[in-house]
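A quick write-up on the structure given underneath.
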Amino acid sequence: MLKNYLSFYLIIIIISFITNTVKATEKIAFIDLNAIFDNSAAGKKINSQVKEKQKKINVSLKKFQETFKSDREKLKTQKNVLSKEEYKKKFLKLEQDLNDFNFSIKKRNDELASFQIKTRAEFFDKLRPILEEYSKQNGISIILKKENILIGKTNLDISKNILDIFDKQIKKISVN
């Protein structure tokens, strides 16, 4: 009976070693998605579009700030000249203009954030089939995000290879 237990445990140990050996032979790689986004031709175009939209918002904001400051100073100088009702009316108009502009800026910033989210999603949708094909061709079982890796061998980083393939296949990403 003791011999049967020993045989059973020996078989279990051997099977677990074999299983662990098989698991250890699976190929794993990691990828820096941000580097691919920032360095690919399509990603650079998206970043350029985002910067251009942000620049327009900033120009509009600066222009409004200058106009608002000028109007506020003008109203301050007219305080003693205008009647209380007229002054209050102009003050409320100035305050309403500020609220309207703040709403407009918030809306434009929300649109910009939405644009960024949509373009990144479209970018990664285009990247997924490339990653799938690359993993099939190279026998890679798992591709991890570089951000989730504490330490890894640099030869497991496939970012450069994927970037080259992505740039060859995807020139531009359009988002409606």
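The values are calculated or read from the model by the stated rules, or taken from the named source; none is laboratory data. Everything numeric in this text was worked out from a predicted model, so none of it was measured. With ideal geometry, Cβ positions are generated from the backbone for all residues, glycine too; neighbour counts draw on all protein chains shown.
Observations on the structure shown:
- Selection from the range 31-68 of residues that are over 20 Å from F115 (Cα atoms) and either of a type outside the set (A, V, I, L, M) or exposed (fewer than 15 other Cβ atoms within 10 Å of the Cβ) (or both): D32, K62, K63, F64, Q65, E66, T67, F68
Residues checked against (1) closer than 30 Å to V175 by Cα; (2) in contact (Cβ under 8 Å) with a residue 12 or more places away in the chain:
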residue	(1), (2)
K45	yes, yes
N80	no, no
D100	yes, no
L131	yes, yes
S141	no, yes
N161	yes, yes
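- Qualifying residues in the range 73-96 (those that are among the polar types (S, T, N, Q) and assigned to a helix (DSSP H, G or I)) - the one modelled with the lowest pLDDT: T77
- Filter pass, I158 being modelled with pLDDT under 90 and either β-branched (V, I, T) or crowded, with 16+ Cβ neighbours inside 10 Å (or both): no
- The set of residues in the range 161-170 being surrounded by 11 or more Cβ atoms within 10 Å (Cβ to Cβ) and out of contact with any Ser or Thr (no Cβ under 7 Å at 6 or more places or on another chain) consists of N161, I162, D164, I165, Q169, I170.
- Members of the range 107-148 found to be of a type in the set (F, W, Y) and either assigned to a strand (DSSP E or B) or over 18 Å from K45 (Cα atoms) (or both), listed by number: Y134
- Residue within the range 24-37 that is modelled with pLDDT of 90 or more, of a type outside the set (A, V, I, L, M, F, W, C), part of a helix (DSSP H, G or I) and within 30 Å of I170 (Cα to Cα) present: yes
- Count of the range 86-97 residues, restricted to those that are surrounded by 14 or more Cβ atoms within 10 Å (Cβ to Cβ) and among the hydrophobic types (A, V, I, L, M, F, W, C), is 2.
- When I151 is tested against (1) without any contact (Cβ under 8 Å) to a residue 40 or more places away in the chain; (2) assigned to a helix (DSSP H, G or I), only condition (2) is not met.
- Filtering S70, S104 for residues that are touching a helix residue (DSSP H, G or I) at 6+ places or on another chain (Cβ under 9 Å), hydroxyl-bearing (S, T, Y), within 30 Å of K53 (Cβ to Cβ) and assigned to a helix (DSSP H, G or I) leaves a single hit, S104.
- Of all residues in the range 154-176 being assigned to a loop (DSSP other than H, G, I, E, B) and of a type in the set (V, I, T), the one that is nearest to Y134 (Cα to Cα): I158
- Verdict on L144 being in contact with a Gly (Cβ under 9 Å, 6 or more places away or on another chain), surrounded by fewer than 14 Cβ atoms within 10 Å (Cβ to Cβ) and among the hydrophobic types (A, V, I, L, M, F, W, C): yes
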